[in-house]
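Single-structure report; data block below.
Where a number appears in this text, it was derived from the coordinates with a stated rule and is not lab data. Just so it is clear, the structure is predicted and the values come from calculations on it, not from any experiment. As a convention, Cβ positions derive from the backbone with ideal geometry for all residues, glycine included, and neighbour counts pool all protein chains shown.
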């Protein structure tokens, strides 16, 4: 029986981390690695991850300390996590924690105290711009706890590293940047899918399509995108906006569309499994998110040949890509103006897709690059008798 790597993360069906896990860890399974997966998603958990190893669900509690049930929820989460860790330790001594913040470092502290030899803390997001004073104070405490109880430190971007770790940790050999790897060539532009899905969603061949993929939550900022699109469509009668995803803010965004009389211009598809096909209809991918997490949907659309307009809060690594324009999210008119400028350009979509795929490969956004780093981090798959 092989020793397993235990992996903890917020694996819901419609987020980039789940996509990253499926594409990259499938390759590791083929190499002989085995896993325990602890899913702390508290909405739409990606139960398909059961196929990747021993699977556990420990739904994370909401972190609002003003919630009257806060302490009860936190105790229940801690108790369940403690039990699952105990079970995982029967066949694992390495745990890899994919985290969005450190406001509650219990997953790190328990891991080390209960007996995991290696505790890999992976900074998977940068939420600095969305945190209130209390959250910032808790994050500072969590950073110190991570340094004490963590043994290895990873970050998806430099911004995420700065959000999680001190400069001392970042200078140490225990720290590494690990960019998200995607199946770059799989995202190449397909004209036939563009034609098919435009017909399916009643979009004309000459319509200029702005697309967005993401969960409808405050941090994704779809409401701002509606404001920007409303200004743009007044000067471009062929403009369409396609929003893919669902979430708690979906109805609120729908109401805004109705109030602005944009029903014929804005298309809500709901959650889709086949976004890699539908993205072929996008001329521009718009991503006005308030946080600095790396969007895999953005990388996919870029590889597919779309131009991208993103918020200046996105990772610096993304803003330097050739097809990306970064703008402030303080002024919807600037976004509308950029959409208009892009709509006047004549682009060869096949050529744009080819060039951006090569750029992403050169900068390491590939499965081969990320899995190589993970293999080096985990070491060779070993039988329990080898220890």
* Convert 37 °C to kelvin, take the viscosity as 0.692 mPa s, use the Kirkwood radius over C-alpha pairs of region 116-217 as Rh, and evaluate the Stokes-Einstein diffusion coefficient in µm²/s, rounded to a whole number. => 190
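At a Förster distance of 45 Å, what's the computed FRET efficiency of residue 196 paired with residue 258, Cβ-Cβ distance as r, to 0.05? Don't jump to the answer; show the numbers that get you there.
Working: r = 28 Å, r/R0 = 0.63.
Once the sixth-power term is evaluated, E becomes 0.95.
If the viscosity is 1.306 mPa s and the temperature 10 °C, what Stokes-Einstein diffusion coefficient in µm²/s follows for the chain when Rh is the Kirkwood radius over Cα pairs?
Values: Rh = 21.9 Å.
Answer, rounded: 72 µm²/s.
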* Which ordering of 371, 6 is given by a fewest-first count of other beta-carbon atoms within 10 Å? -> 371, 6
* For q = 0.26 Å⁻¹, what log10 I(q)/I(0) does region 211-277 give under the Debye formula with an equal point scatterer on each alpha carbon and no solvent? -> -1.22
* Once the principal axes of the Cα atoms of region 10-60 are found, what is the range along each, listed largest first in whole angstroms? -> 31, 20, 13
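Got the relative contact order for region 184-362 handy, in percent, Cα pairs under 8 Å and 6 or more residues apart? The partial results should precede the final answer.
On the way: 297 pairs, mean separation 49.3, N = 179.
Across region 184-362, relative contact order equals 28 percent.
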* Asked: Expressed as an acute angle from 0 to 90° and rounded to the nearest 10, what is the orientation of the C-alpha long axis of helix 222-233 relative to the principal long axis of the chain?
  -> 20
* **Among 225-232, 269-276, the order from most to least packed when residues are scored by Cβ within 10 Å on average** => 225-232, 269-276
* Please report the Cα spread of region 275-379 along all three principal axes, rounded to whole Å, starting with the longest. => 51, 31, 23
* To do: Determine, at each q value in 0.12 (inverse angstroms), the log₁₀ of I(q)/I(0) that the Debye formula gives when each Cα of region 184-362 is one equal point scatterer.
  => -0.49
